[in-house]
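**Q** Once you've had a glance at the structure underneath, I'll fire off some questions.
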Amino acid sequence: CDVVDMQMISDGVAELLTTTFDQLSAPLLQTVKIVSCLGSQVEESTIVSLDSKNLDFNMQNEMSQAVNEGIFERAGPIYQFSHDIIQQTIYELIPSQNRKLLHKTIGMNLLKSAANNPTL
């Protein structure tokens, strides 16, 4: 019984979060979708590496906004989703057919950045 109740609560929270995230600006939503592909936390240097790769918005600025919105917590150079269900819900907002391409694009951009800057 408790397992069913917890699943219903989790589904309800995810639905509420999805509705809330749909109200975010397009650049902020795209930024958090990209970061959700990287896991529950990301270093600022990774954001900097991805920020310069053919985006029409500034990921660093959007990450600051995401902290202000409570989506992320920041500790020094590390951004972490404020809760696992937030990361999971944002990741699930990415259509499944687009996830592989987004992961590939992120990987290729990080690889290019690493090749151009061996200190990363």
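The values are calculated or read from the model by the stated rules, or taken from the named source; none is laboratory data. Please read these numbers as outputs of a predicted model, since none were measured by experiment. Here the Cβ positions follow ideal geometry from the backbone for every residue, glycine too, while neighbour counts run over all protein chains shown. Note: accessible area is taken over every heavy atom of the protein model, side chains too, but ligands, DNA and RNA are not part of it. Shrake-Rupley method; radii C 1.70, N 1.55, O 1.52, S 1.80 Å.
**Q** Which residue out of SER40, SER96, SER45 is in contact with an Asp or Glu (Cβ under 8 Å, 6 or more places away or on another chain) and open to solvent by 30 Å² or more (accessible area, probe 1.4 Å)?
**A** Numbers: SER96 fails: in contact with an Asp or Glu (Cβ under 8 Å, 6 or more places away or on another chain); SER45 fails: in contact with an Asp or Glu (Cβ under 8 Å, 6 or more places away or on another chain).
Going through SER40, SER96, SER45 in turn, just one is in contact with an Asp or Glu (Cβ under 8 Å, 6 or more places away or on another chain) and open to solvent by 30 Å² or more (accessible area, probe 1.4 Å): SER40.
**Q** Scan segment 57-93 for residues that are without any contact (Cβ under 8 Å) to a residue 24 or more places away in the chain, loosely packed, with under 11 Cβ neighbours inside 10 Å and not polar (S, T, N, Q) and jot them down.
**A** Across segment 57-93, the qualifying residues are GLY70, ALA75, GLY76.
**Q** Which one is nearest to the chain's Cα centre (by Cα) among residues in segment 55-90 that are among the aliphatic types (A, V, I, L, M) and farther than 16 Å from GLU43 by Cβ? Give the steps one after another, and end with the answer.
**A** Filtering segment 55-90 down to residues among the aliphatic types (A, V, I, L, M) leaves 55, 59, 63, 66-67, 71, 75, 78, 85-86, 90.
This time we only want the ones that are farther than 16 Å from GLU43 by Cβ, so: 55, 71, 85-86, 90.
Working: LEU55: 15, ILE71: 9, ILE85: 12, ILE86: 9, ILE90: 7 Å.
Applying the filter and picking the extreme gives ILE90.
**Q** Restricting the first residue to segment 26-44 and requiring it to be within 13 Å of GLU73 (Cβ to Cβ), which pairs with a second residue that is assigned to a helix (DSSP H, G or I) and hydrophobic (A, V, I, L, M, F, W, C) meet a Cβ separation below 6 Å and a spacing of at least six or different chains?
**A** VAL42/VAL35
**Q** Name the single residue, out of those in segment 24-34 being hydrophobic (A, V, I, L, M, F, W, C) and more than 14 Å from LEU101 (Cα to Cα), that is most open to solvent (accessible area, probe 1.4 Å).
**A** As a first pass, look at segment 24-34 and keep what is hydrophobic (A, V, I, L, M, F, W, C): 24, 26, 28-29, 32, 34.
Among the residues that remain, those that are also more than 14 Å from LEU101 (Cα to Cα) are: 24, 26, 28-29, 32.
On the way: LEU24: 30, ALA26: 79, LEU28: 4, LEU29: 27, VAL32: 0 Å².
Applying the filter and picking the extreme gives ALA26.
**Q** Given the criterion among the polar types (S, T, N, Q), closer than 25 Å to LEU111 by Cβ and in contact with a Leu (Cβ under 9 Å, 6 or more places away or on another chain), identify the matching residue among THR89, THR31.
**A** Just a single option satisfies the conditions, and that option is THR31.
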